[in-house]
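Visitor: Here it is: the structure, laid out below.
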Amino acid sequence: MFEAELGGPLTFPGTSLTVRRMGYGAMRLSGPGIFGPPKDRDAAVAVLREAVAAGVNHIDTSDYYGPHVTNQIIREALHPYPAGLVIVTKLGGRRPPDGSWARANSPQELTDGVHDNLRNLGLDALDIVNYRVMGSGHGPEEGAIAEQVSVLAGLQRQGLIRHIGLSNVTATQVAEARAVAPVVCVQNNYNVAHRDDDPLIDDLARAGIAYVPFFPLGGFTPLQSSTLTSVAERLGATPMQVALAWLLHRSPNILLIPGTSSVAHLRENLAAAQITVAPETLAELDGIAGTAVAVEH
């Protein structure tokens, strides 16, 4: 694919790292529940190789996916890594033997996490490390993060991390982190139906900071889904493709990392970057967030 077909380029602020806006999220390469090995390791390897062959040069991962499994598959599939490939990982969580999600944000846990990522990815330094704030619910929760960002800044000074990002954070936490160290990207839950981060996205865009939404189809009501489906049918696309295309149109600082364990689904996701959405259709999609909540009973 040509670069323009993957959404065009974005350079992380203050860095020499330029990626195409349509990337790939590796989370689903591990087993069910993002735990343990995949049912078909060869298929997982094939998806990664197909993504890179198609022009993807931004892969999102974490060593707590599996745990360790996803990064080991990335290394098997792509190492030695092609020039220009940017691998973004995250710290802040761990997967106990029972498969739960737990916090791992002490200085020692964060340091150990960096070394785990380096070892399993086969790298001497990590391009970008996001500090993921593990809350008790599904969204960001206020709370100080300066200590954790300071730990990452120390690892950056040691040369183990090149750049720092954030995940699952509030606007207040972004400001707090930026007072400690430069922040190059923010990953939060955002899509055409859930737009709490609209002001944050615009603030980050003015600063040149990348915004990376996860769950591009998460949490839709039936009524909202029907609107998206209607638009997709008119455009000759799938609802997922339209949701991804809307995100690319939403702001030039948005990077996408849709994940899949299927080559066919990967190709479908990447094709979303070629969809042109007319202004009147964008306005219709913009209205999804204000759609009345569907009746629950």
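The values are calculated or read from the model by the stated rules, or taken from the named source; none is laboratory data. A quick note: this is a predicted structure, and the numbers were derived from the prediction, not measured. All Cβ positions, glycine included, derive from the backbone under ideal geometry; neighbour counts span all protein chains shown.
Visitor: In the stretch 264-277, what count of residues is obtained for those that are in contact with a Leu (Cβ under 8 Å, 6 or more places away or on another chain) and either exposed (fewer than 10 other Cβ atoms within 10 Å of the Cβ) or without any contact (Cβ under 8 Å) to a residue 40 or more places away in the chain (or both)?
Guide: Qualifying residue count for the region: 0.
Visitor: Which one is surrounded by the most Cβ atoms within 10 Å (Cβ to Cβ) among residues in the stretch 61-78 that are of a type outside the set (D, E, K, R) and touching a Ser or Thr at 6+ places or on another chain (Cβ under 7 Å)? Spell out the reasoning first.
Guide: Within the stretch 61-78, the subset of a type outside the set (D, E, K, R) is 61-62, 64-74, 77-78.
Those left that are additionally touching a Ser or Thr at 6+ places or on another chain (Cβ under 7 Å): 61-62, 65-66, 69-71, 74.
Working: Thr61: 25, Ser62: 27, Tyr65: 27, Gly66: 23, Val69: 23, Thr70: 31, Asn71: 28, Ile74: 25.
This residue is Thr70.
Visitor: Further, regarding this structure: Return the only residue of Glu233, Glu280 being surrounded by fewer than 14 Cβ atoms within 10 Å (Cβ to Cβ) and closer than 29 Å to Ala54 by Cα.
Guide: Just one listed residue meets the conditions, Glu233.
Visitor: Mind checking which helices (runs of 4 or more DSSP H) fall wholly inside the stretch 168-286 and carry at least 3 residues that are over 26 Å from Ile73 (Cα atoms) and among the acidic types (Asp, Glu)?
Guide: Qualifying helices (runs of 4 or more DSSP H): 198-207, 279-286.
Visitor: Tell me, which residue of the stretch 283-297 that is at pLDDT 90 or above and in contact with a helix residue (DSSP H, G or I) (Cβ under 7 Å, 6 or more places away or on another chain) is surrounded by the fewest Cβ atoms within 10 Å (Cβ to Cβ)? Talk me through it step by step, then tell me what you get.
Guide: Taking the stretch 283-297 first, the residues at pLDDT 90 or above are 283-289.
From what's left, in contact with a helix residue (DSSP H, G or I) (Cβ under 7 Å, 6 or more places away or on another chain): 284-285, 288.
Working: Glu284: 16, Leu285: 20, Ile288: 23.
Here the answer is Glu284.
Visitor: With the structure loaded, tell me whether Val114 is in a helix (DSSP H, G or I), free of Cβ contacts under 8 Å to residues at least 60 places away in the same chain and among the hydrophobic types (A, V, I, L, M, F, W, C) or whether it fails that test.
Guide: Considered against the rule, which asks whether it is in a helix (DSSP H, G or I), free of Cβ contacts under 8 Å to residues at least 60 places away in the same chain and among the hydrophobic types (A, V, I, L, M, F, W, C), Val114 comes out as yes.
Visitor: Report yes if some residue within the stretch 93-113 is out of contact with any Gly (no Cβ under 8 Å at 6 or more places or on another chain) and under 19 Å from Tyr24 (Cα atoms); otherwise report no.
Guide: Checked the stretch 93-113: no residue is out of contact with any Gly (no Cβ under 8 Å at 6 or more places or on another chain) and under 19 Å from Tyr24 (Cα atoms).
Visitor: Ok, one more. Looking at this structure, is His138 within 19 Å of the chain's Cα centre (by Cα) and either among the basic types (Lys, Arg) or surrounded by fewer than 15 Cβ atoms within 10 Å (Cβ to Cβ) (or both)? Write out each step before concluding.
Guide: Values: within 19 Å of the chain's Cα centre (by Cα): yes; either among the basic types (Lys, Arg) or surrounded by fewer than 15 Cβ atoms within 10 Å (Cβ to Cβ) (or both): yes.
Taking the combined requirement at face value, the residue satisfies it.
Visitor: Do we have Ala245 as modelled with pLDDT of 90 or more, within 18 Å of Gly287 (Cβ to Cβ), surrounded by 15 or more Cβ atoms within 10 Å (Cβ to Cβ) and out of contact with any Lys or Arg (no Cβ under 8 Å at 6 or more places or on another chain) here? Reasoning before the result, please.
Guide: On the way: modelled with pLDDT of 90 or more: yes; within 18 Å of Gly287 (Cβ to Cβ): yes; surrounded by 15 or more Cβ atoms within 10 Å (Cβ to Cβ): yes; out of contact with any Lys or Arg (no Cβ under 8 Å at 6 or more places or on another chain): yes.
Yes; evaluated as a whole, the condition is true for this residue.
Visitor: A further question on this structure: More than 21 Å from the chain's Cα centre (by Cα) and modelled with pLDDT of 95 or more: does that describe Ala125?
Guide: no
Visitor: Right, next: Can you tell me which condition Gly290 does not meet? The list is (1) farther than 30 Å from Ala175 by Cβ; (2) out of contact with any Phe, Trp or Tyr (no Cβ under 7 Å at 6 or more places or on another chain), and all the others hold.
Guide: For Gly290, the failing item is (1).
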